[in-house]
Amino acid sequence: MGMLDGRVACITGGTRGIGFAIARSLLGEGASVVVSGRSAEKGERALAELGGGDRGHFVTCDVKQRDDCEALVDATVERYGRIDILVANAGGATGHKPVAELTDEAFEDALRWNLWHTFWTMRRALKYMLPQRHGRIISISSVEGKVGKPGLAHYVTVKHAINGLTKSAAREVGTEGITVNAICPGAIETDVMIAEGPGAAASMGITYPELVDMFAQESAIKRLNEVEDVAAVALLLASDAGAGITGSMISVDGGTSPY
Amino acid sequence: MSRLQGKVACITGGTRSIGRAMAEAFLAEGATVVINGRDQAKGEQCIQELGAGNRTAFFPGDASRQDTVEGLIDFTIEKFGQLDICCLNSGGVKNTAPVAEMTDEEWQLEVDWNLNQVFWGMRRALKHMLPRQSGRILVTSSVEGKLGKPGIPGYVATKHAVNGLVKAAAREVGTSGITVNAILPGLIETDIVQQSGPDTAKAMGLTYEEMVATFAKESAIKRPNTVEEVAAAAVLLASDAARNITGCLFPVDGGTMPY
């Protein structure tokens, strides 16, 4: 008996990092799970590693494209007949610079990757969730959705925006059996962080090891978080027991955020 | 399931309401649980109903008193050899009133019951947990730990204070394998709310029904929360999976709080 037997989840990203850990956790509790990503090859590899059999499915999706986002949600419903859980997990930023030097392209890219994608998938998922009067929408925000950091302005801005969207949507659908929450993880050394961290560090005038150390030192636990930390909270929010939690921005950051 | 197999927990309060639901959830996950309450007969009856045999024990006493809180922790360690999860859960108001009419006696009671209890319990538990480099301290706070409500100033003030204490303590023991978190439930129609509710409502210038409706209306889900929803969050925070979540003010409030 799993906590999510018969439930259907759709995760943006999910072939690695936080999304992959959430996929594994939801599969482990009996849900059917659609993961997505740009590379079909990576997707197939992730599915094999997840080992969910018929309960696992991969859809190619570039979350920076609206059509891809909507098609991903639709494909979930086509494959498994419904969508109960949406995890808007993909995200990141490139072209890190202080605001004074931040390019339109980097800002626009961060907007699409994080905020637009969350909005597009949420809006589409609600189309299915509202009539069935059941749903769980989980956005993977960030500690940067609550606090500001120099040199990361575009990332901080879009994560704050996701928290606002989460709170508004939660109030719109609160009596419809649908919860909308954000998880705000502290820094985690995922592939995205390893790829983009050096650029972010340079924008802040420090080295990547110094950036990692800075995040660790700001926390109470003095180390980075792990993807499994986020998956554990996502599981609670996705479960029936999470019905009374909505509009929340849950910090999974080792005590970093002040609120 | 056995997410708390081999763990030993103690709970101030615990014969009813949130504490009772926590006890049931912890027991279901394999933990050993010591509950506390003022009434010996009620306590023994509760132990019977929990039906977990020698994985449960009762420690009598008023949780607003230092000797009870410290005694509960000492008793737990003596009887079961260790303390892994310390739930400082008891709390409430007795004869609440607006500030202008608040008596010193009531103010002192609320400070002892809601704040000092948590300090006494946390300090005592840490003496045991620090050498073991392992532990979970869980405080039952409230949405009133972030928001103000007229008519219950002592409750609001002490719950705010408890949140501060949790954040400070989390940073002190963050690298010692110990997490310190608060759960912030919205209104729950517990026994204690039903008992003290009419007077509390009066202090707020409302009837009891109007007070419940007021709280429900402030939420996104437009209903009170349930004790089981709080217990599910408590299990997560008590489990190994939450080792990197600390200093967190974890909302279980149906979307009531703005932050």
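Under a Cβ-only charge scheme (Lys and Arg +1, Asp and Glu -1), can you give me the dipole magnitude of chain A about the Cα centre, in debye to the nearest 20?
Its charge dipole is roughly 600 debye.
To the nearest 20 Debye, how big is the dipole of the protein assembly as shown about its Cα centre, given +1 on the beta carbon of each Lys and Arg and -1 on that of each Asp and Glu? Display every interim value, and only then the final one.
Working: 50 positive and 61 negative charges, 37 e Å.
That gives a dipole near 180 debye.
Sort A:211, A:237 so the one with the fewest other Cβ atoms within 10 Å of its own Cβ comes first.
Ranked by crowding around the Cβ, least crowded first: A:211, A:237.
So how far, in whole Å, is the C-alpha centre of region B:127-162 from the one of region A:1-66?
Measuring centre to centre over Cα atoms gives 37 Å.
Per the Kirkwood treatment, what hydrodynamic radius in Å, one decimal, follows for region A:1-148 from the mean inverse distance over all distinct Cα pairs?
For region A:1-148, the Kirkwood estimate is 15.6 Å.
Would you kindly derive the ³J(HN,Hα) couplings of region A:182-188 from the backbone phi angles with the Karplus curve 6.51 cos²θ - 1.76 cosθ + 1.60 (θ = phi - 60°), listing them in order in whole Hz, with x for Gly and Pro?
10, 9, 10, x, x, 5, 10
With the dipole of the protein assembly as shown worked out from charges on the C-beta (+1 for Lys and Arg, -1 for Asp and Glu) around the Cα centre, which of A:15, B:257, B:119 lies farthest toward the positive end?
A:15
Among A:134, A:32, B:131, which residue has its Cα positioned farthest towards the positive end of the charge dipole of the protein assembly as shown, with +1 placed on the Cβ of Lys and Arg, -1 on the Cβ of Asp and Glu, and the dipole taken about the Cα centre?
Most positive-ward Cα: A:32.
What number in nm² do you get for the protein assembly as shown if you take the convex hull of its Cα atoms and divide its surface by four?
23.8
For residue A:56, which sequence-distant residues (separation of 5 or more, or a different chain) have an amide H within less than 5 Å of its own amide H, given hydrogens modelled in the peptide plane?
Answer set, sorted by chain and number: A:33.
Above 31 angstrom, tally the Cα pairs of chain B and express them as a % of all pairs, no decimals.
So the pairs more than 31 Å apart make up 19 percent of the total in chain B.
For region A:29-91, what does the alpha-carbon gyration tensor say about shape, rounded, prolate or oblate, given a ≥ b ≥ c as the root eigenvalues, a/c under 1.5 as rounded, and a/b over b/c as prolate?
Oblate, because a/c is 1.5 or more while a/b does not exceed b/c.
Scan around residue B:187 for amide H atoms under 5 Å from its own, H built in the peptide plane at 1.01 Å from N, and keep only partners 5 or more places away or cross-chain.
Correct list: B:225.
Rank the residues A:121, B:207 as a footprinting-exposure proxy: fewest other Cβ atoms within 10 Å of their Cβ go first.
Sorted ascending by nearby Cβ count, the order is B:207, A:121.
Pull out the extension gain between residue B:40 and residue B:127, defined as 0.36 nm times the separation in residues minus the alpha carbon to alpha carbon distance; nm, one decimal.
That works out to 28.6 nm of additional length.
Give the long-range amide H neighbours of residue B:7: residues separated by 5 or more places, or on another chain, with amide H under 5 Å away, using H modelled in the peptide plane at 1.01 Å from N.
B:32
Can I get the semi-axes of chain A's equivalent ellipsoid? Compute them from the C-alpha gyration tensor as square roots of 5 times the eigenvalues, in angstrom, largest first.
Values: eigenvalues 161, 71, 66 Å².
They are 28, 19, 18 Å, listed from largest to smallest.
Between region B:239-256 and region A:81-156, how many Å separate their Cα centres?
Centre-to-centre (Cα) distance: 22 Å.
Could you list B:84, A:109 in order of exposure, starting from the residue whose Cβ has the fewest other Cβ atoms within 10 Å?
Arranged by neighbour count, lowest to highest, B:84, A:109 become A:109, B:84.
Is there a quick way to get the dipole size of region A:27-173? I mean about its Cα centre, with the Cβ of Lys and Arg at +1 and of Asp and Glu at -1; what is the value in debye to the nearest 20?
Dipole of region A:27-173, to the nearest 20 debye: 580 debye.
Nearest 10 degrees, 0 to 90: what angle lies between the long axis of helix A:17-28 and the longest principal axis of chain A (Cα atoms)?
The angle comes out near 20 degrees.
Beyond a 31 Å Cα-Cα separation, which of these cross-linked pairs lie in this structure: A:146/B:159; B:7/B:159; B:7/B:217; A:159/B:7?
Pairs exceeding 31 Å: B:7/B:217; A:159/B:7.
Every read-out reported here was derived from the displayed coordinates using simple, explicitly stated rules and does not represent laboratory data. Predicted model only: the values in this text are computed from it and were never measured. Cβ coordinates were reconstructed from backbone atoms using ideal geometry, including for glycine residues, and neighbour counts include every protein chain displayed.
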